[in-house]
1. Sequence-distant or interchain residues sharing an amide H contact under 5 Å with Ala49, placed H: which?
2. Note down the Stokes-Einstein diffusion coefficient of region 17-71 in µm²/s, whole number, using a Kirkwood radius over alpha carbon pairs, 25 °C, and 0.890 mPa s.
3. Compare the Cα positions of Gly15, Val109, Phe27 along the charge dipole of the chain (+1 at Cβ of Lys, Arg; -1 at Cβ of Asp, Glu; about the Cα centre) and return the one farthest towards the positive end.
4. Could you work out the Rg to Rh ratio of the chain, with Rh taken as the Kirkwood radius (inverse of the mean 1/r over all Cα pairs)?
5. Beta carbons within 10 angstrom, averaged per residue: use that to sort the peptides 62-73, 30-41, highest first.
6. Could you give each residue of region 102-113 its phi-based ³J(HN,Hα) in whole Hz, using Karplus coefficients 6.51, -1.76, 1.60 with θ = phi - 60°, and x for Gly or Pro?
7. Using the crude model of +1 on Lys and Arg Cβ and -1 on Asp and Glu Cβ, and no other charge, please compute the dipole size for region 60-113 relative to its Cα centre, in debye to 20.
8. Which whole-Hz ³J(HN,Hα) couplings does region 20-33 yield from phi under the Karplus relation 6.51 cos²θ - 1.76 cosθ + 1.60, θ = phi - 60°, glycine and proline marked x?
Amino acid sequence: QVQLHESGGKLVQPGGALTLSCAASGFDFRLVTMDWYRQAPGKQRALIASVLPNHIPSYKYSGRFTISRNNEENILYLRVDNLQPEDTGVYYCHFVRDSVDYWGQGTQVTVSS
């Protein structure tokens, strides 16, 4: 059974930093491209970054996001630096296998002073 479990979301002041984690199980994590998405309040879920099985990243938004993965421990990470109020939202990890989308339950990040 595929499971994705995000964690690390919390209330952060503007300018702060945060690392989110996604623990994966039930599939061969090493073989799939993994993604982080964000759903801001009142908006659609949007892609932030992806990382290939060989650790090569790609970013929808450059500069403040760093995606990484640990293929030995089956964990996906997203570091966000210099957090801004517009970064508020629910962050999801995601992958596609055999044309099926898999999502975690999300972790809430709130950026506010």
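The values are calculated or read from the model by the stated rules, or taken from the named source; none is laboratory data. Fair warning: this is a prediction, and the values are worked out from it, not measured in the lab. All Cβ positions, even for glycine, are placed from backbone atoms using ideal geometry, and neighbour counts span all protein chains on display. For accessibility, only protein heavy atoms count, side chains too; no ligands or nucleic acids. Shrake-Rupley method; radii C 1.70, N 1.55, O 1.52, S 1.80 Å.
1. Placed amide hydrogens put Trp36, Lys60 under 5 Å from Ala49.
2. For these conditions, the coefficient is 199 µm²/s.
3. Towards the positive end, the residue furthest out is Gly15.
4. The Rg/Rh ratio comes out at 0.95.
5. Those peptides, ordered most packed to least, come out 30-41, 62-73.
6. Rounded to whole hertz, the list is 10, 10, x, 7, x, 9, 8, 10, 10, 10, 7, 8.
7. 100
8. So the J values, rounded to whole Hz, are 9, 10, 9, 8, 10, 7, x, 7, 7, 3, 5, 9, 10, 6.
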